[in-house]
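Okay, so here's the structure we're looking at.
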Amino acid sequence: MSTTNASDNQSGTVPPAASDIDPAASGTAATRPRRTRGRVLVALAAGCALLMAWHDHLPEGPGNLGSLFQTFLPWTVLTVPVLLAAALVRRSRLAVAAVLAPAVVWGCLFAGTLADKRSGGAEFTVVSHNVDENNPDPARTARALAASGADLLALQELSAASTPVYERELAARYPYSSVHLGVGLWSKHPLAGVEPVPIMPWTRAVRAAVDTPRGPVAVYAVHLASVRVSPVAGFTTGGRNDSARKLADALRAERLPRVLVVGDFNGTDGDAALRPVTSGLRSAQREAGAGFGLTWPAAFPVVRIDQILLKGMTPLSARTMPATGSDHLPVVASLRL
């Protein structure tokens, strides 16, 4: 009978009663954005954690991406602050919590690497260095290496022009030496049985027995084939992997119980493609270093491709030396024989 009722009837619209509204449906519509917020970030965090945890089992895949991922594995830590910042921007508590997964996995992988494990009491010290065939001052590099006091120097990428310079500068401290094309050994102790190891068509590896006061040590100074990264071919590791397999064959035939394998591997000891060599050896840096010991490029090292690997001995300390004019940093390890 009232004006209001007449108006409502004329329009044909009746306001719904409060009891007619479905609270569940209304709540779903209101809260759906909150529930879905950050799900993409959660998936990314989980994916990063799984890749880190299963890096040893990654297939090479197109362009050898598995090998490339393993090479730069320590840098996956950068995904943690990136994902965390994105989670905070999205205001997603679920995504913030998910970021803990890659952070924990990375910590499990590398916390031990970051610890300082160096100790004293060395009986034998070895230095390995890719001296760079384009090194502008090989004499200065030679003097820096000699100043280390190492018992053995293993040098790679010697050139026809620089080799006489190293021979002259190192002769006073290292009476025993042998150079085969780009690879050379300088020793304070006698060298025996020095011969090339056929890992490539030209000499990129030599083997020698160093007659130390504690007995002979087989030393392999190596420079594995180079790798390249290109948008078309990806991570080109075929030549390097083939040279590594040939080196592994030579190591399996080695009869001396104490073995050193040093040099420029053009890959990290965590690269599964190099496992034919690294599986039977221990890394001096991993066992007795402090941090990652990154070696290349010398101006801002991002990977450790220069290795000192061993068996039958105990590493006591390992580190990189200051830059010498090469594009690689030298690596040094002190050992108990």
Checklist outcome for this item: Per the filter on the stretch 173-224, residues charged (D, E, K, R) and touching a residue at least 60 places away in the same chain (Cβ under 8 Å) are Arg214
Checklist entry - Taking the stretch 218-242 only, how many residues are under 19 Å from Ser128 (Cα atoms) and polar (S, T, N, Q)? => result 1
Next on the checklist: Regarding the stretch 293-312, can at least one residue be identified that is small (Gly, Ala, Ser), part of a strand (DSSP E or B) and touching an Asp or Glu at 6+ places or on another chain (Cβ under 9 Å)?
Outcome noted: no
Next on the checklist: If I filter the stretch 308-329 for residues that are in contact with a Leu (Cβ under 9 Å, 6 or more places away or on another chain) and either without any contact (Cβ under 8 Å) to a residue 12 or more places away in the chain or among the acidic types (Asp, Glu) (or both), do I get at least one hit?
Outcome noted: no
Checklist outcome for this item: Only one of Arg240, Arg282, Arg245 is in the same structural domain as Ala209 (by TED's automatic domain parsing), among the charged types (D, E, K, R) and either over 25 Å from Leu158 (Cβ atoms) or in contact (Cβ under 8 Å) with a residue 60 or more places away in the chain (or both), namely Arg282
Next on the checklist: Take Asn130 and tell me if it is in contact with a Gly (Cβ under 9 Å, 6 or more places away or on another chain) and either modelled with pLDDT of 95 or more or aliphatic (A, V, I, L, M) (or both).
Outcome noted: yes
Item to check | Residues being crowded, with 19+ Cβ neighbours inside 10 Å, more than 22 Å from Asp132 (Cα to Cα) and either hydrophobic (A, V, I, L, M, F, W, C) or touching a helix residue (DSSP H, G or I) at 6+ places or on another chain (Cβ under 7 Å) (or both) - total across the stretch 293-337 | outcome: 6
Item to check | All positions within the stretch 145-165 that are over 23 Å from Asn266 (Cα atoms) and surrounded by 17 or more Cβ atoms within 10 Å (Cβ to Cβ) | outcome: Ala146, Ala150, Asp151, Val165
Checklist entry - Out of all the residues in the stretch 249-268, is one or more within 22 Å of Ala111 (Cβ to Cβ), touching a residue at least 12 places away in the same chain (Cβ under 8 Å) and surrounded by 19 or more Cβ atoms within 10 Å (Cβ to Cβ)? => result yes
Checklist entry - Only one residue in Gly270, Gly280, Gly263 is touching a Ser or Thr at 6+ places or on another chain (Cβ under 6 Å) and closer than 22 Å to Leu73 by Cβ, so which one is that? => result Gly263
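The values are calculated or read from the model by the stated rules, or taken from the named source; none is laboratory data. These figures come from a predicted structure and were not determined experimentally. Reconstructed Cβ throughout: ideal geometry from the backbone, glycine too, with neighbour counts over all protein chains shown.
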